[in-house]
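Chemist: Have a look at this one before I ask anything.
Read the figures in this text as sums done on the coordinates, not as results from a lab. These numbers were taken from a predicted model, which means no experiment stands behind them. Here the Cβ is made from the backbone with ideal geometry for all residues, glycine too, and neighbour counts use every protein chain on show.
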Amino acid sequence: PFRPAPKPGEGEHPLQYNYAIWFSRRSQNSKSVQYDKNLKFIASFASVEQFWNIYSYIVRPGDMSGHVDYHLFKEGIRPMWEDDANKHGGKWIIRLKKGLASRCWENLIMAMLGEQFMVGEEICGAVISIRYQDDILSLWNRSNDSTITSRIRDTLQRVLNLPPHTIMEYKEHTESIKDQTSFRNTNFV
Amino acid sequence: GTRIVYDRSRLMQLRNSPLAR
């Protein structure tokens, strides 16, 4: 069950936004299970200290096996294409060779929580998807305005410190709904 | 209003504070 983030305590450092972290694992018979039934709420947080507290007890993405995802979204935004904050937007997708997931995820979420993207209210959340071959990092934003998405890309390149020639692809959620490729973030069938 | 911004090194520094455990 969802629990809202506690107020930052005395001496804690508040974040610009509250966030919630979710976990999902594909079940054996996933075809019949709705996407959001697999989404497990882990915790919400409102300060830097609360974040590190939670982060230190959850397993690092690179240490997990199978078909699993962490979703870190602003509180109030469900990690689904249909959410009002997401439905007109899209995501940057970065494919990562095995072994890079934990470091890149940490760099990405630190940049997001620390408001390093400088695109106003645009950022919705981030996802790390552990898969059998490459892992997939994605950063979701509200609109598909090209000035904004280019700025997000530039910041991603700077903060992720990716190997040269890493491919980055932008995909609008309406496209994802149409083609049903990439992993599904929806109940839409 | 003013945005609350933290760079990577500040976040790493706060990771080691007693309140973060």
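Chemist: Rank the residues A:D179, A:D134, A:D69 as a footprinting-exposure proxy: fewest other Cβ atoms within 10 Å of their Cβ go first.
Modeler: A:D179, A:D134, A:D69
Chemist: Further question on the same structure: Which number do you get for Rg(Cα) / (2.2 N^0.38 Å) in chain A?
Modeler: On the way: Rg = 15.7 Å, N = 189, 2.2 N^0.38 = 16.1 Å.
This ratio for chain A stands at 0.98.
Chemist: Classify segment A:77-131: rounded, prolate or oblate, from the alpha-carbon gyration tensor (a ≥ b ≥ c, eigenvalue square roots; a/c under 1.5 rounded; otherwise prolate if a/b is larger than b/c)?
Modeler: oblate
Chemist: Here's a follow-up. Other chains near B:1-12: what is the mean number of their Cβ atoms within 10 Å of each residue's Cβ?
Modeler: Mean inter-chain Cβ contacts per residue within 10 Å come to 5.
Chemist: With a ≥ b ≥ c taken as the square roots of the eigenvalues of the C-alpha gyration tensor of segment A:41-92, please select rounded if a/c is under 1.5 and otherwise prolate if a/b is larger than b/c or oblate if it is not?
Modeler: Oblate.
Chemist: Whole number please: convex hull volume per residue of the Cα set in segment A:139-180, in Å³?
Modeler: 87
Chemist: Also, I was wondering about something else. Please give the charge dipole size of the protein assembly as shown, origin at the Cα centre, charges +1 on K and R Cβ atoms and -1 on D and E Cβ atoms. Round to the nearest 20 debye.
Modeler: 560
Chemist: Dipole of segment A:71-189 (Lys/Arg Cβ +1, Asp/Glu Cβ -1, origin at the Cα centre): which of A:M80, A:T147, A:V159 lies farthest to the positive side?
Modeler: A:V159
Chemist: Please state the Cα pair-distance histogram of segment A:1-113 with 5 angstrom bins from zero: what percent is in each bin?
Modeler: Spelled out per bin, shortest first, that is 2, 10, 19, 22, 22, 16, 7, 2, 0, 0.
Chemist: Could you work out how far apart the two model spin labels at B:R8 and A:R151 are, taking each label as a point 7 Å from the Cα in the direction of the beta carbon, and quote it in nm?
Modeler: For B:R8 paired with A:R151, the spin-label model returns 2.2 nm.
Chemist: Residue by residue through segment A:120-126, which ³J(HN,Hα) values in whole Hz follow from phi under the Karplus form 6.51 cos²θ - 1.76 cosθ + 1.60 (θ = phi - 60°), with glycine and proline marked x?
Modeler: With coefficients 6.51, -1.76 and 1.60, one gets x, 8, 5, 6, 9, x, 9 Hz.
Chemist: Please arrange A:V48, A:V119 by counting, for each residue, the other beta carbons lying within 10 Å of its beta carbon, fewest first. Let's see the in-between values first.
Modeler: Details: A:V48 26, A:V119 17.
With the sparsest Cβ surroundings first, the list reads A:V119, A:V48.
Chemist: Let me ask another. Of A:G66, A:Y19, A:I42, whose Cα points farthest to the positive end of the dipole of chain A (charges on the beta-carbon: +1 Lys, Arg; -1 Asp, Glu; origin at the Cα centre)?
Modeler: Result: A:G66.
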